Amino acid sequence: MTAKLLALDTSTENCSVALQWNGEVISKQEYSPRDHTQKILPFVEEVLAEAGVSLTQVDAIAFGRGPGSFTGVRIGVATAQGLAFGADKPMVAVSTLQAMAQQAYASHNAEHCLAAIDARMGEVYWGEYLLVEGLMRLVEQELVIKPDLLDGKHSTSVAVGTGWQTYKELLSGQFSGVRVLDSVLYPTARDMLSYAQYAFERGDIVAAENAEPVYLRDKVTWKKLPGRE
């Protein structure tokens, strides 16, 4: 049975919300790199109002757990936690990299995807995904890494994310044969629903107080900078 899920993500420059309700998906998104805190809750209210339902009627709240912007990830997790606490609902964590890979499958029938988000500081957040029974699954592990340190090879896969825009020449040189999808730059809440449904069915949920972000970057790096986390 399809779960009734609310998903939200503010981990990158894109701010998005999606509601899976009775077999339909209602979504709202906007490129708003500095306005996530002003946009996210109104988006939630809009999709719930369009469906004519209340937050207490959903089964769970899915959230983009990262990687991505430190501030963006924190906003998304905190907002989802607040909603989950208020409605007494469980939460489902979804990788932003997986969401982009899922979007590549949904929009381009991609079965092998290299997802990269620009992590600044000359690095990318990186994940390789393969299609298994309609769901893009992670190969090995997610990384934060300098593009030239990736183990490049010839590949017929597709590539998505801002990392491929920032380091397109370098990454394309590392991975020859890859087709870069310029139309898939950011994760979206809509594309988090497939994994969220899978996780919910498996019971892979967390209580609001236990929901955690995934930054990937070693905190030691940030401790070297006074006044920064």
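Structure above, values below:
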quantity	calculated
Selected residue [at pLDDT below 95, within 23 Å of GLY161 (Cα to Cα), open to solvent by less than 50 Å² (accessible area, probe 1.4 Å) and of a type outside the set (Phe, Trp, Tyr)] from SER32, SER16	SER32
Close pairs (7 angstrom Cβ cut-off, 6 or more residues apart or separate chains): free of Cβ contacts under 8 Å to residues at least 24 places away in the same chain in segment 24-51, basic (Lys, Arg) and assigned to a helix (DSSP H, G or I) anywhere	GLU30/LYS39; SER32/LYS39
Subset of segment 96-120 that is of a type in the set (S, T, N, Q) and open to solvent by less than 40 Å² (accessible area, probe 1.4 Å) - its residue that is nearest to TYR215 (Cα to Cα)	THR96
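Here is a yes/no grid of residues against (1) open to solvent by 40 Å² or more (accessible area, probe 1.4 Å); (2) among the small types (Gly, Ala, Ser):
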{"residue": "GLU50", "(1), (2)": "yes, no"}
{"residue": "VAL53", "(1), (2)": "no, no"}
{"residue": "ASP59", "(1), (2)": "yes, no"}
{"residue": "THR71", "(1), (2)": "yes, no"}
{"residue": "ARG74", "(1), (2)": "yes, no"}
{"residue": "ALA78", "(1), (2)": "yes, yes"}
{"residue": "GLY82", "(1), (2)": "yes, yes"}
{"residue": "MET91", "(1), (2)": "no, no"}
{"residue": "VAL94", "(1), (2)": "no, no"}
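The values are calculated or read from the model by the stated rules, or taken from the named source; none is laboratory data. Note that the structure is predicted; figures quoted are calculated from it, not measured. Heads up, the Cβs are rebuilt from the backbone with ideal geometry, glycines too, and the neighbour counts pull from every protein chain shown. Surface areas here come from the heavy atoms of the whole protein model, side chains and all, with no ligands, DNA or RNA. Shrake-Rupley method; radii C 1.70, N 1.55, O 1.52, S 1.80 Å.
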